[in-house]
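Since every read-out is calculated from the coordinates, none of them should be taken as a lab result. All values derive from a computational prediction rather than experimental measurement. Here the Cβ positions follow ideal geometry from the backbone for every residue, glycine too, while neighbour counts run over all protein chains shown.
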Amino acid sequence: MRYSALSVFLKGLSGNRDWPRAWRAPEPKPSYDVVIVGGGGHGLATAYYLAREFGITDVAVLEKGWLGSGNIGRNTTIIRSNYLLAGNNPFYEFSMKLWEGLERDFNFNAMVSQRGVLNLFHSDGQRDAYRRRGNAMRLHGVDADLLDRDGVRARVPTIDFDNARFPVKGGLLQPRGGTVRHDAVAWGYARGADARGVDVIQHCAVTGIRRGPGGLVLGVETERGFVGARKLALATAGHSSVTAAMAGLKLPIESHVLQAFVTEGLKPLVDTVVTFGAGHFYVSQSDKGGLVFGGDIDGYNSYARRGNLATVENVAEAGVAMMPSLSRLKVLRSWGGVMDMSMDGSPIIDRTPVDNLYLNAGWCYGGFKATPASGYCFAHLIATGEPHPTAAAMRLDRFARGLTIDEKGQGAQPNLH
Ligand SMILES: Cc1cc2nc3c(=O)[nH]c(=O)nc-3n(C[C@H](O)[C@H](O)[C@H](O)COP(=O)(O)OP(=O)(O)OC[C@H]3O[C@@H](n4cnc5c(N)ncnc54)[C@H](O)[C@@H]3O)c2cc1C
């Protein structure tokens, strides 16, 4: 059924008792044209666009937990397309355009809120770097405004402008950036894919990849038996190295933990997304009133979805340096997610050396904003065999060929990107 104001009204009249399930709970079939491993945002979006854009509906998404149990339901919900490099910018802007029409497209309220993303700068050198990034964005048709100190003050008066350890000199604003309710994105894509015939199968961990003559993938071993696949697509985020190893591949990826935090509910305090330029700290206010914030990854390899106190202290310090009033808030919850940090900080959407095995990985801690374009481009690759033009640089062999996409300029240091 289509969700609409009328359907909400009519179901309300009957006590909201007879809403149909948003998606089915099918048993796995013996085989599919395409099997996608990982029912996070990227796997579900891939299934949705395979069905909607390319008419491929004999598809299963196999998820070891429940929908939204991975990073799609753990991130700080920020979306933006404020990238510098040509290998990244058109892709993230494509994603932003998909976000802008997404709720109408999949008929689900994902609370897309284009409240702006503001990156603060604290020195002349940093201002020049942000100006350069803003100019690159504009050259790609992306919105970017350079604000001076007064412009920042008018927008976020709660920042410390009088006695700051790192005085704020201005900021780079992307007005179309913002936040999206993360788990609703998984639900919306799952519902849209299911309605087009895709089997979304939860609690079905893939435990092995079965290969036949010539090394071709025949299908996957799962907790619920063997499932055949003519094409196999991996979209397992923090566990990319684990699932790729099932096919004998070693990826240029390390897994790291990233934490996030939410405070008690407050009256409106920050109506945009703000990032601190003198440390790593980003904050926005959820529609429930809690401040949602985070910082750097913990810095050591881990598959644990919980972090360390040293990072909690580091994040809190940066937050209070930027906005001293935060020191009076109670943090209600913190959690962690496992990030697939690539060597250059940029993702991979590509074929692999195994002919019918496709890879979507290396999203580091910026993959939520990429969800729509990642799904679209991965579906394009699986359906046509050719990379989508906006994702053409996100190749697996770029590390061997020296064509890295090093947005931060940190070199081959996954924990620094
Ligand atoms: C704390 C935190 C804050 C973040 N903040 C932001 C942000 O503000 N903006 C942004 O753009 N990005 C952010 N990110 C990053 C973003 O969330 C991820 O890059 C993105 O969600 C990864 O893609 P996904 O949604 O497909 O991942 P996931 O939701 O993790 O999906 C992968 C799925 O694969 C499943 N899986 C793994 N192994 C198997 C197996 N063997 N069999 C079956 N299923 C398997 C997992 O259970 C999981 O559900 C953040 C991440 C974290 C943790």
Net charge around residue 116, counting only other residues with Cβ within less than 13 Å of its Cβ (Lys, Arg = +1; Asp, Glu = -1)? +1
Nearest 10 degrees, 0 to 90: helix 41-54 Cα axis against the chain principal axis: 60
Mind sorting 380, 388, 280 by how few other Cβ atoms lie within 10 Å of their own Cβ, fewest first? 280, 388, 380
Fewest Cβ neighbours within 10 Å first, please rank 209, 405, 36 accordingly. 405, 209, 36
In the range 236-384, if the dipole is taken from +1 on Lys/Arg beta carbons and -1 on Asp/Glu beta carbons about the Cα centre, which of 360, 295, 278 is farthest to the positive end? 295
Which order do peptides 389-396, 271-278 fall in by mean Cβ count within 10 Å, highest first? 271-278, 389-396
Over the range 254-374, what lengths in whole Å, largest first, do the semi-axes of the equivalent ellipsoid take, defined as the square roots of 5 times the eigenvalues of the alpha-carbon gyration tensor? 31, 16, 12
Quick one: how many lysine pairs in the chain have C-alpha atoms under 16 angstrom apart, if they're 8 or more apart or on different chains? 5
Highest mean first, how do 174-180, 332-338 rank when packing is the count of other Cβ atoms within 10 Å averaged over residues? 174-180, 332-338
With 10 angstrom as the radius, rank 416, 291 by how many other C-beta atoms surround their C-beta, starting from the fewest. 416, 291
Could you work out the helix-only [θ] at 222 nm for the chain, with each DSSP H run of four or more residues adding -39,500 (n - 2.57) and the total divided by the number of residues, to the nearest 500 deg cm²/dmol? -8500 deg cm²/dmol
Can you give the Rg to Rh ratio of the chain, both from alpha-carbon atoms, with Rh computed by the Kirkwood formula? 0.97
Could you work out how far helix 89-106 tilts from the main Cα principal axis of the chain, as a 0 to 90 degree angle to the nearest 10? 70
Taking K and R as +1 and D and E as -1, what net charge do the other residues with C-beta under 13 Å from the C-beta of residue 89 add up to? +3
The range 145-261: Cα Rg divided by the 2.2 N^0.38 Å rule of thumb: 1.73
Might you report the magnitude of the Cβ-based charge dipole of the chain about its Cα centre, with Lys and Arg at +1 and Asp and Glu at -1, to the nearest 20 debye? 540
Binning at 10 angstrom from zero up to the longest distance, how are the C-alpha pair distances of the range 318-373 distributed in percent? 18, 29, 27, 16, 7, 2
Once both axes come from the Cα atoms, what is the angle between helix 309-322 and the longest principal axis of the chain, in degrees from 0 to 90, rounded to 10? 50
Equivalent ellipsoid dimensions for the range 320-417 as semi-axes, Å, which come from the Cα gyration tensor, largest first: 33, 17, 12
